[in-house]
Amino acid sequence: MNVDIKEYLPLLIPLIIVQLLLLGYTIYHILKHDKYKRGNRAIWLVVAIIGMEFIGPIIYFIFGKEDD
Amino acid sequence: MNVLEVKELKKSFGSKKVLDGVSFDVPENCVFGFIGRNGAGKTTTMRAVLGLLKADGGEINVCGEKVSYGCTPKGGCIGFLPDVPEFYGYMNAVEYLTLCGEISGMDRKKLKARISELLELVGLDKEKHRIKGYSRGMKQRLGIVQALINRPKLLICDEPTSALDPVGRKDILDIISAAKEYTSVVFSTHILSDVERVCSKVAFLEGGKTAFFGSLEDIRALRSDTALELTLVCPNDIEKVAAAFPEGKETDGRFILPKASEKDCAELMAFLSAKMIPIKRLERHEADLEDLFLEVIGK
Amino acid sequence: MTGFTALLKKEIREIVRTKRLFILLGIFVLFGIMNPAIAKLTPNFIEFMSEDFAEQGIYIGTIKVTALDSWSQFVKNMPMGLIVLLIMFSGIYTSEYSKGTLIPFLTKGLSRDSVVLSKFLVMLMTWSIGIWLCFGITFFYSDFYWDNHVVKELVFAAFCWWLFGVFMISCIVFFSSFAGSGIQVMLGTGAVYFIMPIIGMYSKAKKYLPVSLTDSISLYKGELKPDDYFGAMIITALLSLLFVLTALPLTHRRQL
């Protein structure tokens with residue numbers, strides 16, 4: 001597989017940036033709050049990191065985040 | 001002119017009759033106590049007045065305008081403080097009140113002044129945090145401000161003091177008394193001392209009916225008699241006292257002389273000192289709201 | 001009217017402060033980038049797997065990726081975006097009704113129509129920004145790597161998706177006018193979403209069902225013309241309008 005990585009950079013860089021933003025914000029949110037709708041901090045950290053692409057953060061914000 | 005008139009209000013939930021002919025009216029600049037046990041139908045009545053609940057029968061007039069279900073009286077006539085006020089946790093007090101003011105169509109400049117005036121009154125002016133972190137008492141105070149923001153002619157508070165500590169209760173009652181200057185207040189409660197503190201008129205709700213309706217003076221006139229309660233050092237002496245004052249009776253080791261005049265009181269004291277009977281306590285009982293309440297509900 | 005604009009501002013502030021807008025737009029941006037990325041990576045992936053296939057006797061020739069592959073991903077990911085939208089907004093009405101946060105406003109003379117319509121408008125705005133953001137990013141990358149001209153009716157197909165999303169949002173408005181919780185709204189809207197293709201399988205009305213708007217591939221390949229979609233578009237628009245308009249009197253009768 002001799003792929004020219006340069007060809008993919010325009011795609012990969014924004015993709016990684018958006019994912020890291022989403023993941024970073026999710027982890028920040030999990031750490032900043034003590035109370036969740038259900039589950040605890042460890043579970044949500046694992047979910048957010050394992051389901052990295054976007055599913056983990058979504059699951060957290062829908063099912064874990066406490067309502068304001 | 002009466003700000004609020006409720007006539008023969010009826011409402012049942014399923015087969016359960018909650019309101020069965022509730023009638024009362026509230027004049028201008030009056031604090032009106034709406035008293036009843038838990039589940040007597042206080043909240044139901046208030047929701048019907050606000051047009052949030054469809055009544056089965058009867059008539060409600062607010063500021064001379066008939067209330068019907070689904071449409072609240074126009075012109076910002078009523079301010080309402082729910083028993084557990086709920087706000088948007090992501091706003092702070094000023095943002096929330098601005099929203100309330102805009103919804104009632106207030107002028108921007110006036111609104112700003114009104115908000116800072118009211119927040120200062122309830123002591124929330126230094127609070128810059130979002131409502132999310134508010135305590136129960138703070139929410140109650142913000143709830144009152146929200147209800148008063150557009151200077152309504154009628155302020156309805158559903159159990160505003162029930163869940164608060166004594167200091168919080170006093171604050172809320174003070175705010176309600178202050179609001180009397182420009183509005184009539186109806187507040188429901190089962191805490192009778194609160195009613196005695198601020199109300200000028202009351203209605204008792206029992207069995208879905210208004211069991212009593214009148215001013216606080218009416219109540220006092222109804223039960224003007226005072227009782228004397230005597231506790232002696234030596235319980236055996238009670239018999240001697242009872243023999244001298246046959247209209248009195250003994251209960252729980254105490255001697256009670258009902259419907260005692262000032263003269264009866266003096267005579268009792270003279271008797272005690274003449275016979276050298278040592279006493280622990282002698283007390284004059286004013287008939288209070290609680291007695292009347294118990295009498296009214298037939299307990 | 002003053003009540004409506006004040007409430008609209010409140011709704012916008014709500015989705016910004018509760019981070020719903022941020023998350024939704026993030027996801028649509030992510031989809032926008034992923035559509036071409038997956039198309040771009042497919043040949044490498046297949047090449048990588050081809051050794052395994054060769055052992056099983058399957059030989060794969062070189063695959064040429066075009067913009068159509070990228071847009072096929074767009075069509076595949078859109079239902080995902082709609083589902084996220086549905087989950088995010090399913091409780092937008094019912095949570096306020098059950099908490100009683102609207103009662104102070106209603107007693108100040110706010111009409112219930114304003115409540116229904118302001119929330120509808122906010123959902124519409126979020127969805128519109130989301131889908132066109134996603135479209136724009138996919139469009140840019142597809143043109144960068146390949147040539148968008150081989151794919152037909154791109155904008156029209158996306159517009160059909162947008163209209164279908166509007167229909168889903170009207171479903172949320174409709175079910176929220178009588179449902180007790182966000183879960184019920186989600187189930188109701190989900191049921192509409194999944195029942196439509198089933199009806200389509202057995203009936204001749206398929207062409208006019210809102211769900212037929214989501215068949216973008218036929219448009220891309222030129223098998224169907226925009227004219228073939230007009231029936232479904234009109235039906236979808238009318239149904240959406242009907243749902244929102246019936247939600248108004250239903251909300252008036254609702255016990256709050």
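The criterion of at least 2 residues that are more than 22 Å from B:MET1 (Cβ to Cβ) and over 13 Å from the mean Cα position of the chain (by Cα) is met, among helices (runs of 4 or more DSSP H) falling completely within segment B:148-239, by B:166-179, B:216-222.
Residue count for segment B:39-69 satisfying the condition of being part of a loop (DSSP other than H, G, I, E, B) and either within 12 Å of B:LEU4 (Cα to Cα) or outside the structural domain of B:GLY79 (by TED's automatic domain parsing) (or both): 4. A count restricted to segment C:23-40 and to residues that are within 8 Å of chain A (Cβ to nearest Cβ) and not charged (D, E, K, R) stands at 9. The residue that is surrounded by the most Cβ atoms within 10 Å (Cβ to Cβ), counting only those in segment C:194-226 that are over 20 Å from the mean Cα position of the chain (by Cα), in a loop (DSSP other than H, G, I, E, B) and not hydrophobic (A, V, I, L, M, F, W, C), is C:LYS225. Kindly indicate whether B:LEU142 is more than 14 Å from chain A (Cβ to nearest Cβ), under 27 Å from the mean Cα position of the chain (by Cα), of a type outside the set (Phe, Trp, Tyr) and part of a helix (DSSP H, G or I). Yes; evaluated as a whole, the condition is true for this residue.
Restricted to segment C:230-256, and to residues that are within 17 Å of C:LEU121 (Cα to Cα) and within 14 Å of chain B (Cβ to nearest Cβ), which residue is surrounded by the fewest Cβ atoms within 10 Å (Cβ to Cβ)? Out of the qualifying residues, it is C:LEU248.
If you filter segment B:168-195 down to residues that are touching a residue at least 40 places away in the same chain (Cβ under 8 Å) and over 24 Å from B:ALA40 (Cβ atoms), you find that the one that is surrounded by the fewest Cβ atoms within 10 Å (Cβ to Cβ) is B:GLU181. The criterion of at least 2 residues that are over 10 Å from the mean Cα position of the chain (by Cα) and either at pLDDT below 80 or more than 14 Å from chain B (Cβ to nearest Cβ) (or both) is met, among helices (runs of 4 or more DSSP H) falling completely within chain A, by A:5-32, A:41-50. Looking across segment B:44-53, the residues that are closer than 12 Å to B:LEU19 by Cα and either surrounded by fewer than 18 Cβ atoms within 10 Å (Cβ to Cβ) or of a type in the set (A, V, I, L, M) (or both) come down to B:MET46, B:ALA48.
Among the residues of this structure, C:SER70 does not count as one that is farther than 24 Å from C:PHE167 by Cα, within 14 Å of chain B (Cβ to nearest Cβ) and touching a Ser or Thr at 6+ places or on another chain (Cβ under 9 Å).
The values are calculated or read from the model by the stated rules, or taken from the named source; none is laboratory data. Since the structure is predicted, the reported quantities are computational estimates derived from the model, not experimental observations. Note that we place each Cβ from the backbone using ideal geometry, even for glycine, and neighbour counts take in every protein chain shown.
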